[in-house]
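Shown below is the structure under consideration.
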Amino acid sequence: MRIPARVQSDMERAYQLALSRGYAEVADDRVFYRALVEAGARWNILHPIHRVPAALSGDYQRGFTVAAYAKRLPSELKIGFPAAIAS
């Protein structure tokens, strides 16, 4: 699933604006987008390196599972909202 281009563009502008309040040089698009690319590159290199030891030790469940998600739901959602209606 991809984020729609319009939403992505709006998010980038909002992030740039918020970040530029503390770091004025980020208001320059060249500075902002270069930093964005560098941050993405760093994450793509370091994130897999961080996960290598766990991957070498064995496989495990990753990502979304219904059981894991259900444990996080409030009891009202699990049983169809009767508790919420009563209160």
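Which count do you get for residues in the stretch 16-25 that are within 18 Å of GLY40 (Cα to Cα) and at pLDDT 95 or above?
Selection size over the stretch 16-25: 1.
Six or more apart or on different chains, Cβ atoms under 9 Å: show the pairs whose first residue is in the stretch 20-31 and among the β-branched types (Val, Ile, Thr) and whose second is assigned to a helix (DSSP H, G or I) and surrounded by 13 or more Cβ atoms within 10 Å (Cβ to Cβ).
Between residues of the stretch 20-31 that are among the β-branched types (Val, Ile, Thr) and residues that are assigned to a helix (DSSP H, G or I) and surrounded by 13 or more Cβ atoms within 10 Å (Cβ to Cβ), the close pairs are VAL26/GLN16; VAL26/LEU19; VAL26/SER20; VAL26/PHE32; VAL26/ALA35.
Follow-up. Taking the condition more than 16 Å from the chain's Cα centre (by Cα) and aromatic (Phe, Trp, Tyr), does TYR23 pass?
The answer is yes for TYR23.
Could you grab me the full set of residues in the stretch 26-49 that are at pLDDT 95 or above and small (Gly, Ala, Ser)?
Within the stretch 26-49, ALA27 is the sole residue that qualifies.
Looking only at the stretch 1-24, how many residues end up being of a type outside the set (Phe, Trp, Tyr) and surrounded by 11 or more Cβ atoms within 10 Å (Cβ to Cβ)?
The total comes to 10.
Return the pairs, sorted by first residue and then second, in which the second residue is surrounded by 10 or more Cβ atoms within 10 Å (Cβ to Cβ) and at pLDDT 70 or above, the first residue lies in the stretch 53-69 and is assigned to a loop (DSSP other than H, G, I, E, B), the beta carbons are less than 9 Å apart, and the residues are 6+ apart or on different chains.
Pairs that qualify, where the first residue is assigned to a loop (DSSP other than H, G, I, E, B) and the partner is surrounded by 10 or more Cβ atoms within 10 Å (Cβ to Cβ) and at pLDDT 70 or above, are TYR60/ALA54.
The values are calculated or read from the model by the stated rules, or taken from the named source; none is laboratory data. These numbers were taken from a predicted model, which means no experiment stands behind them. Using ideal geometry, Cβ is built from the backbone for each residue, glycine included, and neighbour counts are taken over all protein chains shown.
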